[in-house]
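The values are calculated or read from the model by the stated rules, or taken from the named source; none is laboratory data. The structure displayed is predicted, hence computed values, not measured ones. A quick note on method: Cβ atoms are made from the backbone with ideal geometry, for glycine too, and the neighbour counts reach across all protein chains shown. Please note that ligands, DNA and RNA were not included when accessible areas were found on the heavy atoms of the full protein model with its side chains. Shrake-Rupley method; radii C 1.70, N 1.55, O 1.52, S 1.80 Å.
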Amino acid sequence: MSKQQQLPKDFLWGGAVAAHQVEGGWDRGGKGISICDVLSGGAHGVDRVITDGVQPGYNYPNHEAVDFYHRYKEDIALFAEMGFKCFRTSIAWTRIFPQGDELEPNEAGLQFYDDLFDELLKHGIEPVITLSHFEMPWHLVKQYGGWLNRKVVDFFVRFSEVVMRRYQHKVKYWMTFNEINNQRTWNYPLFGYCCSGVIFTEHDNPEQTMYQVMHHQFVASAQVVALGRRINPDFQIGCMIAMVPVYPFSCHPDDVMFAQEAMHRRYVFSDVQMRGYYPAYVLQEWARKGYQIEMEAGDEEALRNGCCDYIGFSYYMSNAVQANAEGEGASITGFEGSVPNPHVKASDWGWQIDPVGLRYSMNALYERYQKPLFIVENGFGAIDKPNADGLIEDDYRIDYLRAHIEQMKKAVLEDGVDLMGYTPWGCIDCVSFTTGQYDKRYGFIHVDKNDDGSGTMARSKKKSFGWYQQVIASNGEQL
Ligand code: BG6
């Protein structure tokens with residue numbers, strides 16, 4: 001058998017965004033308020049405020065975002081010029097069910113995504129759709145308590161059924177919950193709130209609450225996968241995790257064990273969604289801690305019958321952890337025991353840049369599940385400054401992406417990992433999730449919109465635009 005020399009011909013090169021980070025039009029076409037519509041703008045080290053509804057006096061960057069809602073045709077033409085084979089975005093639940101608990105969907109919202117997908121398909125770009133990317137209806141949080149309430153499972157399945165039926169001939173690639181394992185970091189309100197509409201620290205036992213929410217989302221995901229298969233057997237439905245490989249800081253056995261446990265805490269999310277049952281390490285943990293997770297009859301069977309087809313994941317950084325880490329520098333990124341890794345550099349936001357960690361992650365995931373992988377986010381958030389001619393020469397971004405694509409290719413061509421595609425994050429500048437900034441940019445396409453409120457929203461190509469165009473045209477040969 002000859003060894004594969006190049007990425008497959010049908011490799012899905014593209015880019016990724018999420019509805020709330022690009023669309024704007026937060027109250028257009030009958031859309032309801034989503035949880036991202038009540039998040040203020042923040043900055044590195046300045047938390048976004050979660051307000052009680054939309055309140056006067058706050059800056060809500062997602063309300064306008066980069067106005068993709070009105071400008072998507074222009075943007076998609078630029079994606080097509082770059083040669084995109086696919087484009088990952090999400091469907092805003094609140095455009096389809098503005099409050100979340102209605103019986104009938106909002107036709108204007110459905111029509112918007114029909115038009116968007118038609119425009120993509122016109123250019124030969126395959127839509128890759130996340131059903132839930134940090135934007136559940138705010139009403140479901142306010143009235144029901146978010147995903148802690150079992151009723152939300154049914155609301156989500158109803159929403160998913162409506163959109164999967166409507167777009168069954170336009171969308172083949174789906175994912176259920178974006179970075180579902182972010183809420184593992186339950187001590188950071190933003191993560192819990194965006195994943196599930198729950199602020200875990202407001203509950204008596206935050207960790208047990210997180211596990212209850214997790215169970216509800218697993219059941220919902222599994223039901224949606226099973227339903228999707230009935231609607232169109234050609235659907236490919238993935239889970240989606242934030243893959244942050246946690247390395248032991250040293251070869252001290254305590255550090256090694258600590259890192260393995262840290263990975264268990266993150267893997268539980270993909271383990272259940274890919275294998276269809278709870279792994280022993282989490283059942284033991286619940287028993288040891290006395291956690292009672294409420295499950296209904298039929299849940300176990302639902303989990304078994306709703307395993308995902310592939311693992312979608314984001315990869316930005318790795319982390320190193322030390323058992324018993326204390327003092328300054330301990331827990332640098334919200335991961336328990338995380339300490340600076342002296343062998344890698346970090347971005348201005350403290351994200352540790354580690355291209356080899358991508359190859360390591362791909363091997364780890366493929367060995368664990370033996371199912372196809374899809375890198376649905378990877379990228380470099382930076383402050384971009386135009387040169388005297390107005391061009392953004394983002395060589396730092398090109399360097400980051402080149403180094404990661406090189407490692408991605410090694411995982412495929414040397415290690416034999418089955419990879420469906422690669423969609424760098426924020427292919428067009430958009431609102432940052434963690435900070436709500438415009439100025440933390442990832443795009444190949446610059447959007448003239450800034451944190452101080454200035455800007456015309458005009459689009460322009462950065463240096464990386466032409467670079468990525470050539471990467472796609474050569475199927476990853478010319479980096
Ligand atoms: C992931 C999310 O966490 O990383 C995206 O899925 C997010 O929504 C991306 O935007 C980059 O994070 P940030 O905070 O730099 O925008």
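Observations
- Solvent exposure ordering (accessible area, 1.4 Å, most first) of Y396, Y291, Y468, Y277: Y277, Y396, Y291, Y468
- Among the listed pairs K142/K289; K409/K463; K73/K151, those with a Cα-Cα distance over 27 Å are K142/K289; K73/K151.
- Note on H252 and H169: the model spin-label points, each 7 Å out from Cα along the C-beta direction, lie 6.3 nm apart.
- In Å², nearest 10: area of I375 left accessible to a 1.4 Å probe: 0
- Solution diffusion estimate, µm²/s, Stokes-Einstein, the range 105-231, Kirkwood Rh from C-alpha pairs, 20 °C, viscosity 1.002 mPa s: 138
- Each stretch of four or more DSSP H residues adds -39500 (n - 2.57); spread over every residue of the chain, this sum gives -12000 deg cm²/dmol at 222 nm.
- Area of E300 that stays accessible when all protein chains are in place (1.4 Å probe, Å², to 10): 120
- Within the accessible area of the range 12-474 (1.4 Å probe), percent carbon and sulfur: 48
- Over the range 12-474 - Rg/Rh using Cα atoms and the Kirkwood inverse-distance radius: 0.93
- Subtracting the Cα-Cα distance of L413 and E81 from their residue separation scaled by 0.36 nm leaves 116.8 nm.
- Shape category assigned to the range 315-424 from the gyration tensor of Cα positions, a/c cut at 1.5: oblate
- Computed with a 1.4 Å probe on the full set of protein chains, the accessible area for L148 sits at about 60 Å².
- Sorted largest first, the principal axis extents computed over the alpha-carbon atoms of the range 198-281 equal 51, 33, 22 Å.
- Three principal axis lengths of the range 347-479 [C-alpha, angstrom, descending]: 48, 31, 20
- Rolling a 1.4 Å probe over the heavy atoms of the protein chains gives the chain an accessible area of 39 Å² per residue.
- Measuring from each cysteine beta-carbon in the chain, the ones with no other cysteine beta-carbon under 4.7 angstrom are C36, C86, C194, C195, C251, C307, C427, C430.
- The largest accessible area among R304, R275, R288, R88 belongs to the first residue in R288, R304, R275, R88, and the rest follow in falling order (1.4 Å probe, all chains).
- Alpha-carbon centroid distance for the pair the range 252-283 / the range 284-330, whole angstrom: 6
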